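Comments concern the structure below.
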């Protein structure tokens, strides 16, 4: 380009210094950054802490809306796992005699506890799978740390479990296991399970954001996991005639670990001999491993959620 002088002659155009800079250099010069770029891990954690009120409000709103169209409303939070427990008792307790080695006073609380605690993990995972793909409008419209969604949905499942725990305590007392100091172990066990569930939900949220069909596959995976975790039977008793390593592997899986800890805390007839060795170390290890790795794994793809 050229400039025109007052006399009508043309003169070479003045070259701006910015014209000599690349787009990257220009952005650096004027303090510009990429829209939606992933923040550092420390910044991301700070952003999440700043959205803590949103996370809590979102989880409560989801919890309230979950059964808003049903006549029984929030009662379904308790009725659903109770109905599942009744079906499993009929099939596994009465027909298949999966209660072998346990009295009815132990087996029924054992079964109900297993159903309630496993449902906590199952629901967290299923909610995590759809947390990004099911909220694309929110993800694309607003700027916020995307981990807020799977974390809030895992928190929703924890709040839902609290309703179920009230009923579970009544059932446990009805079958002869009265309150004791061991009941206090429920709190650290649930905290560790929540950490594990949240990490797993974050992993599934990232996978589900790019593979929506994963939501159709997950019920089959979760059902297999349920049967392998001893929800309806005692793993050591049922596998007594199998190689010992099979029972060890199944007992050390995180779902079985957290179920057994809460059973041990609540049920008088379910003693420490039913727990695998180093059970608390495994419970802590699973929570830290999935909590940390799941969070970092999700954060790594922060800038890609809701795009494409």
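The values are calculated or read from the model by the stated rules, or taken from the named source; none is laboratory data. Predicted, not measured: the structure shown is a model, and the values here were computed from it. Here the Cβ positions follow ideal geometry from the backbone for every residue, glycine too, while neighbour counts run over all protein chains shown.
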Of all residues in region 281-303, how many are surrounded by fewer than 17 Cβ atoms within 10 Å (Cβ to Cβ) and without any contact (Cβ under 8 Å) to a residue 40 or more places away in the chain? 2
Could you look through region 278-307, keep only residues that are at pLDDT 90 or above and part of a loop (DSSP other than H, G, I, E, B), and pick out the one that is farthest from the chain's Cα centre (by Cα)? 278
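Could you count how many residues in region 241-257 are part of a helix (DSSP H, G or I), in contact (Cβ under 8 Å) with a residue 24 or more places away in the chain and within 23 Å of residue 112 (Cβ to Cβ)? Quick ask: steps written out before the conclusion?
Taking region 241-257 as the starting set, the residues that turn out to be part of a helix (DSSP H, G or I) are 244-251, 254-257.
Next cut, in contact (Cβ under 8 Å) with a residue 24 or more places away in the chain only: 248, 251, 254-257.
Narrowing further to those that are within 23 Å of residue 112 (Cβ to Cβ): 251, 254-257.
Number of matching residues: 5.
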Which of the numbered conditions does residue 201 fail, given that it passes all the others? Conditions: (1) without any contact (Cβ under 8 Å) to a residue 60 or more places away in the chain; (2) within 26 Å of residue 138 (Cβ to Cβ); (3) surrounded by 13 or more Cβ atoms within 10 Å (Cβ to Cβ). (1)
Which one of these does residue 39 not meet: (1) surrounded by fewer than 20 Cβ atoms within 10 Å (Cβ to Cβ); (2) over 14 Å from residue 160 (Cβ atoms); (3) touching a helix residue (DSSP H, G or I) at 6+ places or on another chain (Cβ under 8 Å); (4) modelled with pLDDT under 85? (4)
